[in-house]
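The next block holds one structure in the form of structure tokens; read it before the comments.
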4 protein chains.
Amino acid sequence: MSHNTFGHLFRVTTWGESHGAAIGCVVDGCPPGIRFTRADIQAELDRRRPGQSRFVTQRREPDQVKILSGVLPEEEDGDMLVTTGTPISMLIENVDQRSKDYGDIAQRYRPGHADYTYEMKYGLRDYRGGGRSSARETAVRVAAGALARKVVPGLKIRGALVSMGEKVIDRANWDWDFIDHPDNPFFTPDPKSVAVFADYLDRIRKRGSSVGAVIEVVAEGVPIGLGAPVYAKLDQDICANLMSINAVKGVEIGNGFEAGRITGEENADEMRAGPDGKPVFLSNKAGGVLGGISTGEPVVARFAVKPTSSILTPRKSVDKTGAEVDVTTKGRHDPCVGIRAVPIGEAMLACTIADHYLRHRGQTGRI
Amino acid sequence: MSHNTFGHLFRVTTWGESHGAAIGCVVDGCPPGIRFTRADIQAELDRRRPGQSRFVTQRREPDQVKILSGVLPEEEDGDMLVTTGTPISMLIENVDQRSKDYGDIAQRYRPGHADYTYEMKYGLRDYRGGGRSSARETAVRVAAGALARKVVPGLKIRGALVSMGEKVIDRANWDWDFIDHPDNPFFTPDPKSVAVFADYLDRIRKRGSSVGAVIEVVAEGVPIGLGAPVYAKLDQDICANLMSINAVKGVEIGNGFEAGRITGEENADEMRAGPDGKPVFLSNKAGGVLGGISTGEPVVARFAVKPTSSILTPRKSVDKTGAEVDVTTKGRHDPCVGIRAVPIGEAMLACTIADHYLRHRGQTGRI
Amino acid sequence: MSHNTFGHLFRVTTWGESHGAAIGCVVDGCPPGIRFTRADIQAELDRRRPGQSRFVTQRREPDQVKILSGVLPEEEDGDMLVTTGTPISMLIENVDQRSKDYGDIAQRYRPGHADYTYEMKYGLRDYRGGGRSSARETAVRVAAGALARKVVPGLKIRGALVSMGEKVIDRANWDWDFIDHPDNPFFTPDPKSVAVFADYLDRIRKRGSSVGAVIEVVAEGVPIGLGAPVYAKLDQDICANLMSINAVKGVEIGNGFEAGRITGEENADEMRAGPDGKPVFLSNKAGGVLGGISTGEPVVARFAVKPTSSILTPRKSVDKTGAEVDVTTKGRHDPCVGIRAVPIGEAMLACTIADHYLRHRGQTGRI
Amino acid sequence: MSHNTFGHLFRVTTWGESHGAAIGCVVDGCPPGIRFTRADIQAELDRRRPGQSRFVTQRREPDQVKILSGVLPEEEDGDMLVTTGTPISMLIENVDQRSKDYGDIAQRYRPGHADYTYEMKYGLRDYRGGGRSSARETAVRVAAGALARKVVPGLKIRGALVSMGEKVIDRANWDWDFIDHPDNPFFTPDPKSVAVFADYLDRIRKRGSSVGAVIEVVAEGVPIGLGAPVYAKLDQDICANLMSINAVKGVEIGNGFEAGRITGEENADEMRAGPDGKPVFLSNKAGGVLGGISTGEPVVARFAVKPTSSILTPRKSVDKTGAEVDVTTKGRHDPCVGIRAVPIGEAMLACTIADHYLRHRGQTGRI
């Protein structure tokens, strides 16, 4: 049991605060012989990195990853690293922390933040930022996820922002290739939504406010058979790991909450014989998981990210003495933290599937 | 790591299939000195028991629990048991299994069921019912949950069905006392909804169909400080444990997916000084959890239950040889499995909170 | 984490007290498709069963195992069971508990027993026997071990008593076939030692005393590569699991404590090229484990079992009120609990290797 | 489950190889509010540090620890750090790695080393040193142990070398104060043994050989009640954690293997009423643990450390191609690795007790 670890065979432990010297993770249980470059990791980190548009926090963090253990350089190609099966330690230095921004709130509990609950739980808190609850912690998840993607042969994981506040994409326009397009600061799959989101979020941002979002993540190439019937369901672990992302308030698999509103006829995915003797599913309302076990169809999950409560509008609160105060959070914050949650959600999905891949192989030997 | 265990310090392992001799659980890590009677456990089991109205499966299972270990009878009061701190084994015999009902589907994969994924994962499956995916497995969770309720002093856990298919309760009519009323076969908190649900579900049932539902569970009296900032968030573990219930497709905490649609001003729960110097929250959109840690406000979660795919309408599928077939499930099934999910959801919430209570006490000693 | 579970992928949870209704275990994570009969399990239980000679406790327990879940009967052969990959629950009823034997010691702490520490830890204890510390608990380990032996193809596990009190076997006489010979009530591999042990133990037994022993367990057919370099060493987990057996006070691998007395030249096992290109080891002082990882040589471990403190000689102690008392334990006890520890040690070794087999397969896929 | 983590509530994950950039650990689950200085950690590291006498490896490593997360500086005293309850990451840079020393053995398996088993398990290995099996990994255990010592109020942990090869200390001369005396390069508690050990080890060292040792570690001030009856015995976890130290081949608690040679009368520790109404034990053969649970007496454990197989005498082996070779290990090695194992054993004992302290508090609340 661990408060700062997830996964069982592919296991990620993270450490570090927003305003300490560095953040990092240890990936334990990675299979030996996985080949990757530092650039593979960095590329994913760069997608999550702050300061890349006016729509995300202006904190300037290069987020350069150092790989400290668990790999050997390949003799023929010095850039190529090979995992040895021992723990892989990765570290990212904090460069642009500005603790002084937080001076005002050292004694005050920001409404909607963990300030109050930290203090009640631990008897003290690191007031110089969000401590472990800072979105900064998620950078190392992305690094771990970049490695996880390599563990399962043929696995492809992508994510998209599907709504921001009251604005929703048009799924008819879905274009995966557009997600990482340089003109798309939102990870939206709907090119037509960019202008809408930009206009909407500019207004939110300019009045010092913030807004929530919903993210969809999809894994293709997931082998059939990952997961288990009850307490190690693949969908359960996906949801647990997505819920562990800061600010996430809800998660669903496949048609999710929609399943609560329809009938058995409408909900069940029918099957027909496929070209190679394997069954094909005529729909994927289940989101690639039946009875907790992967079907071979794409695994589809969605999660809701709340608006950050670090806003400029004064909110009623109390301070450590119990006195009533108004709180305004200056600092530098994302007007929509949901945007940068896209690569984070992808990383958590990748880690979950890598873990279940190894678990399934361990118990059954059927991979 | 275990596929059939949940919890860390208050730890529940379950075993048993729908059509074997018995089902059971082992509750490990329960504090010593907890006093309870067998009737306390049985009362919760009776709430989940099938066959109590025309709206649930007609399988007749008395669900009498046997307590085999981990307790001592109190000298003064033979009905009163005291936990000794060692594992508590509870067992429920299967009485009314009718495997012959399943003869037809031994060779066929029911659409929307785990038949296909079990076979792919394990290379064989127990065709005589849902195996571990049967709702029958959940009985022992309810038994464990009855014990978990005793672990945290002052803890009160309740649940309610808040929608069935397209029918939604009116929250203005919410009456907790009505939930267990004998005229309420739905665990609905809205007395006016009974006639609506009854009429709706009768139509569903008569045509051999099924329908989904949404359940809300609420824990009051949760101490401040349970949970942790990242991978042991209280809300994360609640969602994971609710997702482990068969047929659940989505979970949310507090305002949940709504948080993805609103602004920071709308979302943050403001605080004021309370009468005893402790802050009071002016709202509870967070659902009792901030930064993964309990605030002392009621913990509120919701989960969506899909309609069972065991329906009389023929659905397209394939059999083990790959041939295309139509599948109709006879057996005896719940037209809305969401109804009986109410005490199950309560049990999972109770177990999660009991576990985090012990974990918080272990790390911090602050209880 | 669990106080009553061992193993990670092949995972055994046990429950039950010496004087309750039954004892049992849940084996989780067993691979699907393992074929065995109830008689395979029973045969191992019969080796550990009490009452089979004058040298072991006269408690009469048939120790008939019931298998309640996780298996399907094979269609062609009803005695043959096949694991389904779901948890296997096994149960043994307690038949011959005589709690009245323990009336005298309900208020007194037996020296050398856990009476005092239980009471201090939990605030109460099950005085009707040893509670969880009774040797009775070990029966279900043997049942789990019988299953574990089937998990690793080609695995052969055997054990032997190598010394009893001051009497030591002559290794020159070692004969594995003699261990289960009907004229051998001691699991000794040295036929000439039987008369010595019998005479020695008769004298111990008749004066109401008890004596310690040392057991050696050996696993052949262990694949190369099981274990890990640091905190999941194969030898570490073997020692931990052997130490979990009641009354065990020391454990060693290979030459064990002898390694502390010799030089590097004497200790290192040299290697030469073998007939099939694989290296052969010229000795096995390492006991089949180098750097925590199996070498393919036989895995050899030894453990010391203390004499039971349930003896007829009065010993100084105190009672619950703190008053000084003399304690004599009547009950029925093993004059040398080490004898029946042989099949228990084998079982723990089997479970440890089965677990590491699955873990190695999970991480590396190299089996 | 994790291959590179130990502990459950006080949980230590280590990473890093002998010849990489750095080694480190993450301590998770540490209670908040623990006060310590970097010097507290460094002092323990300095006791284990190589290069301090001619009797240990001449590798020059300053072993300066960096603390990267999980602490706040105290306002009044900048040297004093306070734990926040979040993971504490500690890092030590590798300074004096000389990989070229290992060029010769990249293709050869050193007898008695993990070279062969690593290659078989993972399919590749880090030939530039012992990889994870290097004694270097243990430095971070010592850092974690220094923190663990602070977790349990009143805990005092000490260790001593009690034999080296065939030379054994005289327990009549035992003097704890002499252990860290500057004239004592052996952590021996017997001042008269220094000259004997020095002479003996000089001869071993000069002929390029090595020798084993036995270490005793003792914990005083351990609260009564830590541990559990079966699979979380305090002595089991102590033995497991000591066995995880490189080169350890055997472990024992209290009188250990001696218990296998004596009678029940001789073995049981009798009790009498103590001055404050609490019982006192008249002896401590149990080593402070009865039935897996601490008695309040000193916890005493011993472990045997094998001689390093990195010796100058040529030994028979094979290379990666299967060809027969003679292997001589140059590098810089400890003639008796058991010496520096003293602070490592202390650290493992401290971590184990800290973990069980939190576990006991979690389950029972009785601390």
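The values are calculated or read from the model by the stated rules, or taken from the named source; none is laboratory data. Bear in mind that the values here come from a model prediction, so they are computed numbers and not experimental data. Every residue, glycine among them, receives a Cβ derived from its backbone with ideal geometry; neighbour counts consider all protein chains shown. Only protein heavy atoms, including side chains, enter the accessible area calculation; ligands, DNA and RNA are left aside. Shrake-Rupley method; radii C 1.70, N 1.55, O 1.52, S 1.80 Å.
Quick one: grab the alpha carbon gyration tensor of the stretch C:1-48, order the square roots of its eigenvalues as a ≥ b ≥ c, and give me rounded if a/c is under 1.5, else prolate or oblate depending on whether a/b is larger than b/c. Oblate, because a/c is 1.5 or more while a/b does not exceed b/c. Placing a label point 7 Å from Cα along the Cα-to-Cβ direction at B:Gln107 gives distances to the equivalent points in the other copies of 6.2, 7.2, 8.0 nm, listed shortest first. Annotation for the stretch A:332-367 versus the stretch A:60-96: alpha-carbon center distance of 19 Å. Relative contact order, whole percent, for the stretch B:243-357 stands at 23, derived from Cα pairs under 8 Å and 6 or more residues apart.
Interface burial in the stretch A:230-256, defined as at least 50 Å² less accessible area with all protein chains than with the chain alone at a 1.4 Å probe, covers A:Val230, A:Tyr231, A:Lys233, A:Gln236, A:Met243, A:Ser244, A:Lys249.
In whole angstrom, note down how far apart the Cα centers of the stretch B:202-263 and the stretch A:161-221 are. If we compute the Cα centre of each part, the gap is 26 Å.
Counting protein heavy atoms only, the stretch B:73-167 has 45 percent of its accessible area on carbon and sulfur, 1.4 angstrom probe. Considering the rotation that superimposes chain A on chain B, the residue of A whose beta-carbon lies nearest the axis, and that distance in Å, is A:Ala240, 2. Sorted from nearest, the other copies put their A:Asp79 label points 4.9, 6.6, 7.6 nm away, the label point being 7 Å from Cα in the direction of Cβ. For chain B, the relative contact order is 22 percent, taking Cα pairs closer than 8 Å that sit 6 or more residues apart in sequence and dividing their mean separation by the residue count.
Neighbouring Cβ atoms from other chains, within 10 Å of the Cβ of residues in B:74-85, number 2 on average. How far, in degrees from 0 to 90, does helix D:38-48 lean away from the longest principal axis of the Cα atoms of chain D, to the nearest 10? Tilt of helix D:38-48: around 60 degrees. Axis of helix C:193-206 versus longest Cα principal axis of chain C: the two differ by about 20°, to the nearest ten degrees. When accessible surface is computed with a 1.4 Å probe, chains A and B are found to bury approximately 8900 Å² between them, both chains counted. Counting Cβ atoms of other protein chains within 10 Å of each residue's Cβ and taking the mean over peptide C:299-311 gives 5. The longest stretch of chain A left intact once loop-based GluC sites (Glu not before Pro) with at most 13 other Cβ atoms within 10 Å are removed from consideration, loops following DSSP, is A:167-367.
Seen against the Cα atoms of chain B and their longest principal axis, helix B:138-151 is set at about 10 degrees. Is the stretch D:61-195 rounded, prolate or oblate when judged by the Cα gyration tensor, a ≥ b ≥ c being the square roots of its eigenvalues, rounded requiring a/c under 1.5 and prolate requiring a/b larger than b/c? It is oblate, given that a/c is not under 1.5 and a/b is not larger than b/c.
Note on C:Met80/B:Thr321: beta-carbon distance plugged into 1/(1 + (r/R0)^6) with R0 of 30 Å gives a FRET efficiency of 0.75. Note on A:209-220: average number of Cβ atoms from other chains within 10 Å of each residue's Cβ is 3. Here's how it looks for A:Ile311: its modeled amide H is under 5 Å from those of A:Thr329, which are all 5 or more places away or on a different chain.
Excluding ligands, DNA and RNA, the accessible surface per residue across the protein assembly as shown is 30 Å² with a 1.4 Å probe. Taking 0.36 nm per residue of separation and subtracting the current Cα-Cα distance, fully stretching the chain between C:Lys278 and C:Ala39 would add 82.2 nm.
Mean sequence separation of contacting Cα pairs (under 8 Å, at least six apart), scaled by the length of the stretch D:167-251, corresponds to a relative contact order of 15 percent.
When B:Gly221 is represented by a point 7 angstrom out along its Cα-to-C-beta vector, the spacings to that point in the other copies are 3.9, 5.2, 5.6 nm, nearest first. Distance between the modelled labels on B:Glu220 and A:Ala21, one decimal in nanometres: 5.0 nm (7 Å Cα→Cβ projection).
Taking only protein heavy atoms and a 1.4 Å probe, the accessible area of the stretch A:237-309 is 52% carbon and sulfur. Around the amide H of B:Asp334, modelled in the peptide plane, lie the amide H atoms of B:Thr57, all under 5 Å away and 5 or more residues distant in sequence or on another chain. Result for chain D in a Gaussian network model with C-alpha springs under 10 Å: among D:Pro62, D:Pro189, D:Pro335, the largest mean-square fluctuation is at D:Pro62. With a Förster radius of 22 Å applied to the C-beta separation of D:Gln107 and D:Lys330, the computed FRET efficiency comes to 0.90. State whether the stretch B:125-221 is rounded, prolate or oblate according to the following rule on the C-alpha gyration tensor (a ≥ b ≥ c being the square roots of its eigenvalues): a/c under 1.5 gives rounded; otherwise a/b larger than b/c gives prolate, and the remaining case gives oblate. Oblate is the answer for the stretch B:125-221, as a/c is 1.5 or above yet b/c matches or exceeds a/b.
Computed per residue of chain C from DSSP H runs no shorter than four, each worth -39500 (n - 2.57), the mean residue ellipticity at 222 nm is -7000 deg cm²/dmol. Checked against a 28 Å cut-off, the cross-linked pairs C:Lys278/D:Lys330; C:Lys233/D:Lys330; C:Lys156/D:Lys167; A:Lys249/A:Lys285; D:Lys66/D:Lys192 give Cα-Cα distances beyond that limit for C:Lys156/D:Lys167; D:Lys66/D:Lys192.
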